[in-house]
Structures are given as structure tokens and as C-alpha cells.
Amino acid sequence: MPVPCYQVNAFTSRPHGGNPALVCLFEAWPPDRALLQLAASATVPEVACLVPKGDDFELRWFAPAAEVDLCGHATLAAAHVLYAHRGATQAQLHFQSRSGLLTVKRVPGGLQLDFPARPASPVPGQDVLRAVGCARGDVLKARDYLVVLDSRDQVAALQPDLRQVAALDAMGVIVTAAGQGEDFVSRYFAPRVGIDEDPVTGSAHCTLAPYWAARLGKSRMYARQLSHRGGELTVEVCGDRVLLTGNAVTLLEGNLAESALDVRRQ
């Protein structure tokens with residue numbers, strides 16, 4: 001059967017901004033090897049794979065080099081596809097994932113994702129600072145390392161050593177500073193899973209939001225990621241959850257070629 005697929009740019013209202021994701025809608029799960037090969041050959045940071053389960057969906061995310069446990073922009077892209085192209089009418093979508101039950105709903109200003117918070121704790125970090133090319137900064141760690149710098153300009157000018165970043169004992173490195181016009185800015189580097197720099201990273205904001213909420217004394221904030229493509233989102237800390245709100249734009253739609261999932265030909 002044809003596998004519908006859509007390329008969606010998430011956390012943006014511009015057709016060529018934000019973070020691209022490929023959303024694929026399967027009737028049943030193909031072999032993991034086929035999904036990994038699909039992600040390795042796709043020209044996007046993440047592939048979101050959906051399979052219906054009752055009224056909900058099972059959702060998995062694949063980066064070019066590995067399956068990951070949480071991805072914000074690809075979840076936003078998946079919800080956008082279901083609402084904009086697949087006739088979803090329910091007030092709230094439910095996704096079963098490796099990070100538990102995730103929900104997405106329509107709100108003023110876009111789609112809102114309900115994700116688990118991942119607060120970071122301070123750790124020794126000289127090797128992390130060397131990897132991102134900084135002489136000083138505060139270093140914390142959750143799933144990813146979090147490096148806090150003094151200024152927005154420092155974040156924008158970073159030129160990390162990606163080989164050193166890939167050698168660190170974390171999926172990736174988030175670098176952040178207070179914003180100018182936005183509450184905070186960030187960049188995200190994850191060469192270990194095949195993403196040198198991610199354009200806009202929802203899961204990173206599960207760590208950024210608790211940090212900046214505590215530092216700024218506010219629960220709702222506006223954030224910008226300073227990648228080449230750029231993107232923006234609103235974040236809100238609600239106890240042990242983080243609400244991420246953004247927009248998405250469809251760029252392409254079609255069907256996967258049968259050969260794309262035929263592991264016998266690989």
C-alpha cells in the first residue's frame with residue numbers, strides 16, 4: 001500500500017524557515033532497519049513515523065544516525081499533518097511514544113505540545129566548553145548538556161568543534177543566553193545522531209524552559225533558536241510538564257516509493 005508522506009517545516013510560519021521533518025503514515029510498523037535507512041537517506045533532521053492505535057497514534061522519531069526518545073519539531077509536524085491534511089477533528093491528539101503519552105492541541109497562535117520537563121543540574125564542564133569553543137560558561141546536564149553564556153551575540157557567533165561535541169557523553173549540546181527582544185535564545189548541536197546543528201529543537205526546550213523560568217521568575221516565555229534557518233516558539237512551564245507552542249508549514253506531499261522500505265534491496 002502507498003505510504004503517505006509530507007515534508008513539513010515546524011516552528012515557523014515561513015515556507016522555508018523552521019525545522020524540516022518528514023512525516024510518514026504507516027498502517028503497521030515496517031522493520032526498524034527500514035526506518036533507520038529511510039532516516040539516513042532523508043534530507044531532513046528527523047523522520048516522524050506514525051501508526052494508528054485505536055483513536056490514538058504510536059509515534060517514533062528517527063534522526064539520520066539513530067532513533068531518538070523525544071523530538072518536538074517532528075511531533076509538531078505530525079500533528080500539523082493530521083489536522084491540515086488527514087481530516088483530524090478531535091480537540092486533542094494523543095501520541096504514544098518512548099517518552100510516554102504526548103498530546104497536541106490547537107490553541108490561538110498555533111499548535112501546543114505537552115511534553116515532559118527535563119530540568120538540568122550543574123556538572124563539571126571544561127570538556128564541554130572546549131567542544132563548543134567557549135572559554136567560560138555555566139554547564140548543566142539533563143539528556144543533553146546545557147551551556148549558558150553571557151550574551152546573545154556569543155551564542156550566534158559559536159563555531160563548535162563537532163568532532164569533540166560528538167565524543168561527549170550526551171545526545172547533544174544546547175547553548176543558550178538571555179535574549180534581546182525574546183526571553184532567551186539557543187542553538188543545538190547533535191552530531192552524535194547525525195545532526196550537526198538542528199534548526200529548531202523542541203525537545204531542547206524541555207530543558208531550556210525550566211532553567212529560564214527559574215532564572216527569569218516567569219513561567220511563560222518567548223524563545224528563538226539562532227540557527228541559519230531560524231525559528232521561534234512560546235514555552236510555558238507547568239509543574240513537571242512544558243508546553244511548546246508553534247506553527248508549521250507544509251512544503252511537499254506525496255507517497256514513499258515501495259523500494260524505500262524494501263530492506264532486501266539495501
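The values are calculated or read from the model by the stated rules, or taken from the named source; none is laboratory data. These figures come from a predicted structure and were not determined experimentally. Here Cβ is always computed from backbone atoms with ideal geometry, including for glycine, and neighbour counts include all displayed protein chains.
Structure values in brief
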{"quantity": "Residue within the range 204-224 that is touching a strand residue (DSSP E or B) at 6+ places or on another chain (Cβ under 8 Å), at pLDDT below 95 and within 21 Å of C71 (Cβ to Cβ) present", "calculated": "no"}
{"quantity": "Meets criteria (assigned to a loop (DSSP other than H, G, I, E, B), out of contact with any helix residue (DSSP H, G or I) (no Cβ under 8 Å at 6 or more places or on another chain) and under 25 Å from L158 (Cα atoms)) for R215", "calculated": "no"}
{"quantity": "Residues satisfying the stated conditions in the range 57-83, i.e. over 23 Å from Q225 (Cβ atoms) and of a type outside the set (D, E)", "calculated": "F57, R60, L82, Y83"}
{"quantity": "Single condition P160 does not satisfy, out of (1) closer than 28 Å to L243 by Cα; (2) in the same structural domain as T201 (by TED's automatic domain parsing)", "calculated": "(1)"}
{"quantity": "Answer residue from the range 23-45, given it is under 19 Å from A88 (Cβ atoms) and buried (at least 20 other Cβ atoms within 10 Å of the Cβ) and is farthest from the chain's Cα centre (by Cα) among those", "calculated": "L25"}
{"quantity": "Residue tally, condition more than 16 Å from V81 (Cα to Cα) and among the acidic types (D, E), over the range 1-38", "calculated": "1"}
{"quantity": "Enumeration of residues in the range 218-237 that are touching a residue at least 24 places away in the same chain (Cβ under 8 Å), in contact with a helix residue (DSSP H, G or I) (Cβ under 8 Å, 6 or more places away or on another chain) and not in a strand (DSSP E or B)", "calculated": "L226"}
{"quantity": "Unique residue being touching a helix residue (DSSP H, G or I) at 6+ places or on another chain (Cβ under 8 Å) and surrounded by fewer than 21 Cβ atoms within 10 Å (Cβ to Cβ) when the list is R118, R143, R152", "calculated": "R143"}
{"quantity": "The one condition in (1) in contact with a strand residue (DSSP E or B) (Cβ under 6 Å, 6 or more places away or on another chain); (2) closer than 19 Å to A10 by Cα; (3) buried (at least 19 other Cβ atoms within 10 Å of the Cβ) that L70 fails to fulfil", "calculated": "(1)"}
{"quantity": "Residue in the range 20-37 that is in contact with a Cys (Cβ under 7 Å, 6 or more places away or on another chain), modelled with pLDDT of 95 or more and closer than 14 Å to D198 by Cβ present", "calculated": "no"}
{"quantity": "Selected residue [surrounded by 14 or more Cβ atoms within 10 Å (Cβ to Cβ) and either more than 30 Å from D32 (Cβ to Cβ) or not basic (K, R) (or both)] from G231, G239", "calculated": "G231"}
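To keep it simple, each residue is scored yes or no on (1) closer than 22 Å to V3 by Cβ; (2) under 19 Å from the mean Cα position of the chain (by Cα); (3) in contact (Cβ under 8 Å) with a residue 40 or more places away in the chain.
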{"residue": "D55", "(1), (2), (3)": "yes, no, no"}
{"residue": "R60", "(1), (2), (3)": "yes, yes, no"}
{"residue": "A74", "(1), (2), (3)": "yes, yes, yes"}
{"residue": "A77", "(1), (2), (3)": "yes, yes, yes"}
{"residue": "V81", "(1), (2), (3)": "yes, yes, yes"}
{"residue": "L93", "(1), (2), (3)": "yes, yes, no"}
{"residue": "K105", "(1), (2), (3)": "no, yes, no"}
